[in-house]
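Report on the structure given below.
The values are calculated or read from the model by the stated rules, or taken from the named source; none is laboratory data. Predicted, not measured: the structure shown is a model, and the values here were computed from it. When we count neighbours, we look across all protein chains shown, and the Cβ atoms used for this are built from the backbone with ideal geometry, even at glycine. Ligands, DNA and RNA are stripped out before the accessible areas are found, and what is left, the full protein with its side chains, is counted by its heavy atoms. Shrake-Rupley method; radii C 1.70, N 1.55, O 1.52, S 1.80 Å.
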Amino acid sequence: TEMPTPVRQGCGILFFDAVNRRVLLFLRDDKPDIRCPNAIDILGGIVEKEETPEEAIVREMAEELLDKRTGKPYVLEEFYIFKIYVDQWNVEQHIFWREADFGINDVVLLEGQKLEWLTEEDVQTTALAFGFEVVVKEFFATH
């Protein structure tokens, strides 16, 4: 059976702290009208029609993170594709990664409740929003 054509594209990014072997994720808002409320999630969002996934992740990080060091939206540069796959909601997910170039106290999360560093062990025991634990486990297995 053929998979249906993906209905849309999503993008996410894993900021990787290689020294402590952990990735930066966030706690979603506790709102009844959003999908996966109060769940741990990957930073990112939906790719708009006129954007590439690469443009979308740069925009999403500017929308979601304020860089306290500059007082401006976070500027995402020099990132790499980790995986592209179609999720259970038929969204083509583009998951990027880069080495973390900031600490939690260097940025303010503008969408969601809080940022959290998760280790590989944490991810083994945590269900992530939208089934993202599968891709995060795979990331740890290959980095």
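Brief remarks on what is shown
- For K68, the residues 5 or more places off, or on other chains, whose built amide H falls under 5 Å of its own are V107, V108.
- Calculated FRET efficiency for the pair Y80/V19, C-beta based, R₀ 25 Å, to 0.05: 0.85
- Less than 5 angstrom separates the built amide H of L43 from those of I13, F26, all sequence-distant by 5 or more or on a different chain.
- Applying a DSSP loop filter and a limit of 16 other Cβ atoms within 10 Å to the GluC sites (Glu not before Pro) in the range 1-55 leaves E2, E48, E50, E51.
- Approximating the spin labels as points 7 Å out from Cα along Cα→Cβ, the W117-to-E138 distance works out to 2.6 nm.
- Summed over all non-identical Cα pairs, the Kirkwood treatment of the chain gives a radius of 15.5 Å.
- Total lysine pairs whose alpha carbons fall under 24 Å of each other in the chain (8 or more apart, or interchain): 6
- Based on every Cα atom in the range 26-81, Rg and the maximum pairwise Cα distance Dmax equal 12.9, 36 Å.
- Which of W89, W117 is most accessible, then next, and so on - probe 1.4 Å: W89, W117
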